[in-house]
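The values are calculated or read from the model by the stated rules, or taken from the named source; none is laboratory data. Everything numeric here is computed off the predicted structure, so don't read it as measured data. Note that each Cβ is placed from the backbone with ideal geometry, even for glycine, and that neighbours are counted across all protein chains shown. Ligands, DNA and RNA are excluded from the accessible area calculation, which covers all protein heavy atoms including side chains. Shrake-Rupley method; radii C 1.70, N 1.55, O 1.52, S 1.80 Å.
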Amino acid sequence: MSDMRKIFAIVMLVCSIASAQAQHVYDFSQVASQTIDGVVHIRTVQARLTPLYQSFFGFYINQGMQRREYSAYGSGVIISADGYIVTNNHVVQDADRISVTLNDKRVLTATLIGNDPATDLAVIKVEASDLKPIVFGNSDSAKVGQPVMAIGNPFNLTSTVTAGIISAKARNVGIIDDNQGESPIESFIQTDAAVNPGNSGGALVDANARLIGIVTAIASADGYYTGYSFAIPSNLAQKVASDLRRYGHVQRGYLGVNVYEMTSELAKQMQLNEVRGVLIARAVPNGAAAQAGLQGGDLLLSINDTEINSFAEMMQELGRFTPGDKVRVTYYRDGKTRAATITLQNSQGNTELIRN
């Protein structure tokens, strides 16, 4: 074989290997076949009383109230073979009736098991025993730049898949309202996978067909996809769903601190070489952090070896724990890095599980 033919053969081999590797990374056909049956279409019906007006000679007279029904749509992710489904709270809140359409076209009636406005998550249940759940993955190990696939029902187009990459993590975009006195927990996975109205509550899965997020929102001025969407990390969703199934509401652990996010100016005032951590503005008296010796002015650096550099990261990390759980924190005070073990409390200032 001539030298030129050898070079050409080597080049073709390299191109073939590169093409195979690229296909392995970005071909989601196998992932779709493994997960598409695990995502459902959700339809809700809400009855409202609205004024009834009747025209008399050009004047509209209130004739009382009339009952009208309004429908809304979204998606959900099957998390157990016996019918538990996780979705967004905003998909099912205030619904009088909830129905679920499976990928095989079966339509089932669903009941609300519990909801958590602070994370915009809810769990519903259908009576079935042969469903195909999507396995939870570890959202902590998800990396910026890795390929992901979104599965849902945009515009009522059932069983739709789109693909993209993780664009960022721990995004706080201010879309969850403060409800019932609980601080919203926003630490979204940001992706450029195309998501539109109807995708809410659907799945964000990785290349191993593991659930790493619950699709929740899009960044858009007109309500339609313009480049970025956001998903609740699966580790947080799994804990919330487990609590809703067991207790009907979430058992949330609190540090008992008010914090500021660090800025370059604050870092300079504290004579730090880098901007890191979150600054404790106040430790609630007799709260979990205060009982462990932390105080206002301390710089919280990590929780259980996970670095904390924003309020969103702190809330995401705490969101997976229950009152009574112990967490190890590191913090900075007076030029020294210190450590403490904190026993988390509930919203009432003790370590008991909150019962209905």
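Could you state, as a whole-number percent, how many of the C-alpha pairs of the chain are farther apart than 38 Å? Please report the intermediate quantities before stating the final value.
Values: 19256 of 63190 pairs.
The answer is 30 percent, as a whole percent.
Can you check what the net charge comes to around Ser80, using other residues whose Cβ is under 12 Å from the Cβ of Ser80 (Lys, Arg +1; Asp, Glu -1)?
With Lys, Arg at +1 and Asp, Glu at -1, the net is +1.
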* Asked: When the chain is treated as a GNM, springs tying every alpha-carbon pair under 10 Å, which of Lys326, Lys169, Lys336 comes out with the largest mean-square fluctuation?
  -> Lys336
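What is the extension gain from Asn156 to Gln66, computed as 0.36 nm multiplied by their sequence separation minus the C-alpha to C-alpha distance, in nm to one decimal?
Answer, rounded to one decimal: 29.6 nm.
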* Structure fact -> Heads up, region 123-162 by the C-alpha gyration tensor (a ≥ b ≥ c square roots of eigenvalues; a/c under 1.5 rounded, else a/b over b/c prolate, else oblate) looks oblate
* Separation of the Thr109 and Gln271 label points, Cα + 7 Å toward Cβ, nm -> 7.0 nm
* To do: Give me the aspartates and glutamates in straight-line cross-link reach of Lys125: C-alpha distance below 20 Å, same-chain residues under 8 apart excluded.
  => Asp37, Asp82, Asp94, Asp96, Asp104, Asp116, Asp243
* Asked: Ignoring ligands, DNA and RNA, how do Ser310, Ser29 rank by accessible area with a 1.4 Å probe, largest first?
  -> Ser29, Ser310
* Asked: Hey, got a sec? Which GluC sites (Glu not before Pro) in region 186-282 land in a DSSP loop and have at most 10 other Cβ atoms within 10 Å?
  -> Glu274
* Structure fact -> Straight-line reach check, Lys336, cutoff 19 Å on alpha carbons, 8 or more apart in-chain or any other chain, hits among aspartates and glutamates -> Glu274, Asp298, Asp305, Glu307
* Asked: Net charge near Pro51, counting Lys/Arg +1 and Asp/Glu -1 over other residues with Cβ under 15 Å of its Cβ?
  -> +3
* FRET efficiency, Ala221 to Glu261 (Cβ-Cβ, R0 22 Å, nearest 0.05) -> 0.25
* Structure fact -> Descending accessible area (1.4 Å probe), largest on the left, turns His90, His41 into His90, His41
* To do: Could you check how much of the accessible area of the chain is carbon and sulfur, as a whole percent, using a 1.4 Å probe?
  => 49 percent
* region 120-132 - phi-based ³J(HN,Hα) in whole Hz, Karplus 6.51/-1.76/1.60, Gly and Pro as x -> 6, 10, 8, 10, 10, 9, 10, 8, 7, 9, 10, 7, 10
* **1.4 Å probe accessible area per residue over region 205-356, in Å²** => 48 Å²
* Structure fact -> Dividing the mean separation of Cα pairs under 8 Å (6+ apart) by the residue count of the chain yields a relative contact order in percent of 13 percent
* Structure fact -> Judged on accessible area alone, 1.4 Å probe, highest first, Met65, Met149, Met315, Met270 line up as Met65, Met270, Met315, Met149
* Asked: Anyone know which of Val39, Val205, Val126 comes out most mobile in the 10 Å Cα GNM of the chain?
  -> Val126
* Picking from Phe155, Phe28, Phe311, which is most flexible by a Gaussian network model of the chain using Cα springs under 10 Å? -> Phe155
* To do: Between beta-carbons, use under 12 Å as the cut-off and find the net charge around Gly137, counting Lys and Arg +1, Asp and Glu -1.
  => -1
* Using a simple spin-label model with points 7 Å from Cα along the Cα→Cβ vector, what separation in nm is obtained for Arg282 and Ala47? -> 4.6 nm
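What whole-number value in Å² describes the accessible area per residue of region 93-175 for a 1.4 Å probe? Kindly include the intermediate steps, with their values, before the conclusion.
Details: 4010 Å² over 83 residues.
The answer is 48 Å² per residue.
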* Structure fact -> Restricting to lysines and to Cα separations under 16 Å from Lys105, and discarding same-chain partners fewer than 8 apart, the set is Lys132
* To do: Provide the FRET efficiency to the nearest 0.05 for the Asp334-Asp140 pair, computing r from the beta carbons and using R0 = 30 Å.
  => 0.40
* Rg and Dmax of region 181-238, Cα atoms, in Å? -> 11.7, 38
